[in-house]
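Working notes, beginning with the structure itself.
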Amino acid sequence: MLSMKTNKNTIETELGKLYAIWLREFKVFLREKSRLVASTFTPLLWLFVIGGGFGSIVANPSTISAIGHSSLGQATSGIDYQQFIFPGIICMSVIFSSVFFGSYIIWDRKFDFLKSVMVAPVSRTTIFIGKTFGGMTTSLIQAAILLVIGLVIGIHYSPLSIVAIVVLILLLSFALTSLGLIIGSYMESLEGFQLIVSFVVFPLYFLSGALFPLNNLPTWLSILTTVDPATYAVDALRNTMLGIVGKNPFAIDAGILLISAIALGTIGMLSFRRMKAV
Amino acid sequence: MITIKNLVKKYDNLTVLDNVNLEVYDNEIFGLLGPNGAGKTTLIHILATLIKPTLGTAIVNGYDIIKEPSRVRSSIGIVFQAPSSDDMLTGYENLKLHSLLYGVHAQIREKRISEVLELVGLTHRKDDQVKKYSGGMRRRLEIARGLLHKPKVIFLDEPTLGLDPSSREIMWKYIDRLVKDEKITLILTTHYMDEADFLCSRIGIIDKGKIIALDSPSRLKEGLGGEIIEIEVKNKQVESKDSVEHLLEPYHFVHKVEFNEKEGIVVIYVDDASHNLPTILKVFNNISINSNSNNVKSVNFRSPTLNDVFLKFTGRDIMMQQQQQEEEDRAEGGFMERYAQYENK
């Protein structure tokens, strides 16, 4: 009896620690209003300026027939370019917020907050999971704002599609927050931060097929898109939101996303374990 | 409470801690005194299980820092050199966060938070974001955070670094009361002599990774032998250390003579300086008569400070060294300066 009770207490304490780390991230996110505004505004620029601008070219009868027949398959009718890139813009928002969120751990280290957490009796795994949950929450909130704006450009949701969309966003966000945390755990100064933007965030975004269909790509580009986990999220979201059967069936996309989330999560936990405290 | 055994820490070829052995007793305030880079912070970080030692180990509150780091962490509180609270959160939220991290029971959590807030006098500001706090308030919040889980041992790394003189004194009083009220053992690092003198029951002087002296402040000062008379001479060439020493030799109240050639100051360690000063001046006058000039420029006598103790053991002046260090930091736009800029933003 006694051991069962202590067991329950231990679990409660561990969950309390996890909750504490998550809550801190969430509160900081809510208070940094400029971060929220900026990270919502950029995807909107892409959606309306790039989506509207390129949309006007793509709307040209010859191009639309090219895309329509070769790439977008039978379901393209009634879908304009802006709607076509909308799932990609959702993924863009998730990519940016997740990777940045993870690599913000460099700031935590810079201002010694991380040290104060690491000196507490909390396992590195708990810190890692708390952080990823924080990243998933913030990414989901930002994506939710965009999903509502999606109604304006004529995207329709069903209860089932919303569930699928949320699951996909959470999987991608878990994978990429882990990626950001892995990078952050190895970086000791802020100087390398710009490198993350150039060599991680933008490639993840551009190679995901957020802005173009994946069929008929040059071979080298096609290979690069297959190693980008965001590709599968874009593909599956297009399937769910627009009914376009893309490169892979939904189950394959979701499965690959799940595997990359597990893989990056595992590497992340290992990186956290070996991370220096000071 | 803490037993440090043969502790060595090396970074590549640099030896930061060189075979440190030390015993810290229950309910004492133990001071680690030394210049920047002496290894104080490294020692604290090792005891707090943030860094692993290269060799040796330590027992903190009955737990081995290498074998049982998690138990060590639960039983200690630590206040870092730079404030480490999240300044986007309020004081209360920071304390709540850490009480969860330390597994403080839900039933006593709120009570404990209000207790420590009261103790450091931050109750009225608990719902303000930490970024609106002054330097002293931040430091007090850190101390409150360190006390939340009722640790047996508290580490304070340079508790008054960067505070103005009045805040420093207030902080000293807090720390002093804390140890008495909460019955804890406190280890602090400092490079301020007056701080170590005021607060600590025992002091370990650390230099270049070694503990070179260990005793109570008063005994360390007594060890120097009495009080100090400093005589500034006009003509540095006239006196040599040997001649002064020779002339003062007959007087039993003189313990030791030092001669600072660069500044032309003769330092004499004596008993009862106020009564024996005339005798000594007479000796100097005799030298002056021989050389046909009054050679004494100024006279100063005082009780020995810990700075003199440090000078004796290391041959260097801790405050001078500190100033040099700080000037170098400024020249490079050092971390503290960048930190200050961030604070101002």
Q) Excluding same-chain residues fewer than 8 positions from residue A:8, which lysines have a Cα within less than 25 Å of its Cα? A) A:17, A:131, B:96, B:111, B:150
Q: Give me the lysines in straight-line cross-link reach of residue B:52: C-alpha distance below 23 Å, same-chain residues under 8 apart excluded.
A: A:110, A:115, A:276, B:5, B:9, B:10, B:40, B:67, B:152, B:208, B:210
Q: Using only Cα atoms, find the angle between the long axis of helix B:135-147 and the longest principal axis of chain B, and express it within 0 to 90 degrees, rounded to the nearest 10.
A: 60
Q: Considering Cα pairs under 8 angstrom that are at least six residues apart, work out the relative contact order of chain B and quote it in whole percent.
A: 18
Q. Which cross-chain or sequence-distant (5 or more) residues have an amide H under 5 Å from the amide H of residue B:17, H modelled 1.01 Å from N in plane?
A. B:9
(Q) Just to be sure I follow the definition: excluding the sites themselves, where is the longest run in chain B that has none of the GluC sites (Glu not before Pro) in a DSSP loop with at most 14 other Cβ atoms within 10 Å? (A) B:1-260
Q) Using the scaling law 2.2 N^0.38 Å as the reference, what is the normalised Cα Rg of chain A? A) 1.08
Q: About the Cα centre of the stretch B:1-81, how large is the charge dipole given +1 on each Lys and Arg Cβ and -1 on each Asp and Glu Cβ? Please answer in debye to the nearest 20.
A: 260
Q: Give the Rg (one decimal place) followed by the Dmax (whole number) of the stretch B:54-162, computed from C-alpha coordinates and expressed in Å.
A: 14.6, 47
Q. What list of ³J(HN,Hα) couplings, whole Hz, do you get for the stretch B:281-286 from phi and the Karplus terms 6.51, -1.76, 1.60, once you set θ to phi - 60° and write x for glycine and proline?
A. 4, 4, 4, 5, 4, 4
Q | chain A: calculated mean residue ellipticity at 222 nm from DSSP helix runs of at least 4, using -39500 (n - 2.57) | A | -23500 deg cm²/dmol
Q.
Principal axis extents for the stretch B:1-101, Cα atoms only, whole Å, descending order, please.
A. 42, 29, 26
Q.
For q values of 0.05, 0.10, 0.11, 0.12 Å⁻¹, compute log₁₀ I(q)/I(0) with the Debye formula on a Cα-only model of the protein assembly as shown, without solvent.
A. -0.35, -0.95, -1.07, -1.19
(Q) Need one number: the % of Cα-Cα pairs in chain B sitting beyond the 29 Å mark. (A) 49
(Q) Please list, in order along the stretch B:62-73, the HN-Hα scalar couplings obtained from phi with the Karplus expression 6.51 cos²θ - 1.76 cosθ + 1.60 (θ = phi - 60°), rounded to whole Hz, x for Gly and Pro. (A) x, 10, 7, 5, 8, 7, 10, x, 5, 5, 4, 4
Q | Karplus-derived HN-Hα couplings along the stretch A:148-165 (A = 6.51, B = -1.76, C = 1.60, θ = phi - 60°), whole Hz, x at Gly and Pro | A | 5, 4, x, 4, 5, 8, x, 8, 10, 10, 10, x, 5, 5, 5, 4, 4, 4
Q. What are the trypsin sites (Lys or Arg not before Pro) within the stretch B:32-137 that DSSP puts in a loop, where the Cβ has at most 10 other Cβ atoms within 10 Å?
A. B:67
Q. What does the average come to when, for each residue of peptide A:20-33, you count the partner chain Cβ atoms lying within 10 Å of its Cβ?
A. 3
Q: Please give the residues of the stretch B:51-95, grouped as numeric ranges, whose backbone N is less than 12 Å from a label point set 7 Å along the Cα-to-Cβ vector of residue B:180.
A: none
Q.
Between A:141, A:127, A:182, where does the largest GNM mean-square fluctuation fall for chain A, given springs only between Cα atoms within less than 10 Å?
A. A:141
Q: Among the aspartates and glutamates, select those whose C-alpha is under 13 Å from the C-alpha of residue B:221, and discard any that sit fewer than 8 residues away in the same chain.
A: B:194, B:197, B:271, B:308
Q) chymotrypsin sites (Phe, Trp or Tyr not before Pro), restricted to the stretch B:19-87: which are DSSP loop and have at most 16 other Cβ atoms within 10 Å? A) B:25
Q | Of all DSSP beta bridges in the stretch B:1-157, antiparallel share, percent nearest 5 | A | 80
**Q.** Relative contact order [Cα under 8 Å, 6+ residues apart], chain A, whole percent
**A.** 27
Q | Percent of Cα pairs exceeding the 17 Å cut-off, where the set is the stretch A:101-213 | A | 64
**Q.** DSSP beta bridge pairing in chain B, given as percent antiparallel to the nearest 5
**A.** 70
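Quick note: the coordinates plus some simple rules give every number you see, no bench work behind them. Because the structure is a prediction, the values reported are computed rather than measured. Here Cβ is always computed from backbone atoms with ideal geometry, including for glycine, and neighbour counts include all displayed protein chains.
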